[in-house]
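First comes the structure, then the notes that go with it.
Just so you know, all these numbers are worked out from the coordinates, no wet-lab data involved. This structure is a prediction, so every number in the text was calculated from the model and none was measured. Don't worry about glycine lacking a Cβ; one is built from the backbone with ideal geometry, like all the others, and counts go over all protein chains shown.
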Amino acid sequence: MSRNSREWEAPPQVPADHYVSSDIYVEQEVFDLEIDRIFRCQWKFACHESELPEKGDFRTVNHAEWPLLIHRGMDGVVRAFLNVCSHRSSLVATAPRGNAKVLTCFFHLWGFDSTGACNEITKPDGYSQCGAVSKGNMGLREVKCSVSLGMVFVNMDDEAEEFDTYVGNALEQLIEPMGTEPLEVFHLHRVQVNGNWKQWQETNMELYHEWGHVVNRTTSIMAKKYHEREWSVHPNGHGWLAPFKVEYTNYKGWDQRDALTLPGLTPGEFRVVDLFPNTTVIVRGSVIRIDTTIPVVPGITILEQRGLGIKGESAEDRRTRQKHHNQFWGPLGRNLSEDVIFVDAVAQANKRRAGLWGIFARHENMMSQDDEIMRAYYRVWSALMGRPASNPLGRDVVAAMPTMSMEGPVK
């Protein structure tokens, strides 16, 4: 039967880690705390090293509302810096990408080498009476940086644990397909999603939503062993799902992806790896997609998606790989637009607290549509934020009925 307002507003009668409050998606206070306690303290995917193929190549990115500069030094090492000049705090690099042996700030032409050391101060004699302003102590602010399987990760916290410790063995499903042959980005696009950054990440973890995709219903859910895959949940909010074979020919007009199989995969094999807080790597037999998001405000997110193929392959193979990518993930593909619509639909309901709760209470013995990956994700989120995702603002809530546990009513 339908519910009245008191019943609608009452928290779900499940354990507290089985649901979240819509406050985590819409409230500025929560968003600001996420920037400080998650994005500036956790490892975050920045770009792929193939975007910096030559010595001196750089990319500028926005991370945790701070501008970063990712640079391949003249020694071949990839480093990350705050894209901020130590003189007057101007941006050093203003283009999204380029090549520079010396990083020169356009404002006053101060220069920095590829290790971040200041090697040029325009008319330095003007600072002769101020010993604190000299090349030796005006270097750029370096940011922790790590390259793993071609993926460049950054962390704003100088005291953060090393990336390999942070990620543990959560990347083991990607070692062969991403670490055997050199890969390169052949497709990069950005989409403005009118929803919260976590809502996009949820679409890559909560596979129950695949019932909403026409293509996924036919090629995946109806394929053999789809429901027999088991989630592997890792520390720090990471996780991956056991592989299976997608039946692409179940969708009228599509061919099976038996060609151009990436190293370590069987034809048509699908793998997915989720990394806390907001990066997902999806492997579909012949092509790889990396998703990451840039939070703008609580209700606006920039989604970045990269398609990867084998570097140096023939033009014919690349065209086939691009076709495979675009069928699902191109701007006109069958998955991307639907996922964006899903997020938008939830975000619209969350506005003004029309929708109050998101429920992640499915238990399927850790199989594909079990919600444990979501529960684990929000347990980590809650610990880092110092407040529960089920009630992050400490609101007074009134239960509509006796509190329930997974075993039954609590007496």
- Query: How high is the relative contact order of the chain, in percent, with contacts defined as C-alpha pairs under 8 Å that are six or more residues apart?
  - Reply: 22
- Query: Helix-derived [θ] at 222 nm for the chain: sum -39500 (n - 2.57) over DSSP H runs of at least 4, divide by residue count, nearest 500?
  - Reply: -5000 deg cm²/dmol
- Note on the structure: Neighbour-count ranking for SER286, SER314 (other C-beta within 10 angstrom, fewest to most) reads SER314, SER286
- Task: Please tell me which of these pairs span more than 23 angstrom C-alpha to C-alpha: LYS101/LYS123; LYS198/LYS252; LYS55/LYS144; LYS245/LYS323?
- Result: LYS198/LYS252
- Unmatched cysteines, the chain - criterion: no other Cβ of a Cys under 4.7 angstrom: CYS41, CYS47, CYS118, CYS130, CYS145
- Message: How many angstrom lie between the Cα centre of segment 250-279 and the Cα centre of segment 1-21?
- Response: 37
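So, by mean Cβ neighbours within 10 angstrom, what's the order for 329-337, 251-259 with the highest one leading?
Highest to lowest by the protection proxy: 329-337, 251-259.
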- Query: How far is helix 336-350 tilted, in degrees, relative to the longest principal axis of the Cα atoms in the chain, given as a value from 0 to 90 rounded to the nearest 10?
  - Reply: 70
- Compute the length gained on full extension between ALA95 and ARG379: take 0.36 nm times their separation in residues and subtract their Cα-Cα distance, giving the result in nm to one decimal. 98.4 nm
- Compute the FRET efficiency between ALA349 and ASP36 as 1/(1 + (r/R0)^6), taking r as their Cβ-Cβ distance and R0 = 22 Å, and round to the nearest 0.05. 0.20
- Note on the structure: With a ≥ b ≥ c from the Cα gyration tensor eigenvalues, square-rooted, and the rule rounded for a/c under 1.5, otherwise prolate when a/b > b/c and oblate otherwise, the chain is oblate
- Message: Suppose we look only past 23 Å in the calculated P(r) of segment 45-165. What percent of the Cα-Cα pairs does that tail hold?
- Response: 29
- What residue among PRO388, PRO124, PRO277 has the largest mean-square fluctuation in a Gaussian network model of the chain, using Cα springs under 10 Å? PRO124
- Query: Okay, which of segment 32-57 sit inside 15 Å, backbone N to the point 7 Å along the Cα-Cβ direction of ASP113?
  - Reply: 56
- Note, segment 173-190: 3J(HN,Hα) by Karplus (6.51, -1.76, 1.60, θ = phi - 60°), whole Hz, Gly/Pro = x, goes 5, 9, 4, 6, x, 10, x, 8, 10, x, 10, 8, 6, 10, 8, 9, 9, 10
- Assuming R0 = 60 Å, can you tell me the calculated FRET efficiency for the pair GLN192 and CYS130, based on Cβ-Cβ distance, to the nearest 0.05? 0.85
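With Cβ to Cβ distances under 15 Å as the rule, what net charge do the other residues near GLY111 carry (K, R +1; D, E -1)?
Details: positive: ARG88, LYS101, LYS123, LYS135; negative: ASP113, GLU120.
Summing Lys/Arg as +1 and Asp/Glu as -1 gives +2.
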- Task: Quick one: go through segment 189-204 and flag any residue whose amide nitrogen is under 14 Å from the point 7 Å out along the Cα-to-Cβ line of ILE300.
- Result: 191-197
- Message: Angle check, please: helix 372-385 long axis (alpha carbons) against the longest principal axis of the chain (alpha carbons), in degrees 0 to 90, nearest 10.
- Response: 50
- So how much slack lies between PHE106 and GLU7, counting 0.36 nm per residue of separation and subtracting their Cα-Cα distance, in nm? 29.6 nm
- So how far apart, in nm, are the two label points at GLU364 and GLU29 if each is 7 Å from Cα heading toward Cβ? 3.7
- C-alpha long axis of helix 315-329 to longest principal axis of the chain, angle in °: 50
- Of ASP32, ASP317, ASP125, the most mobile residue in a GNM of the chain (C-alpha springs, cutoff 10 Å) is ASP125
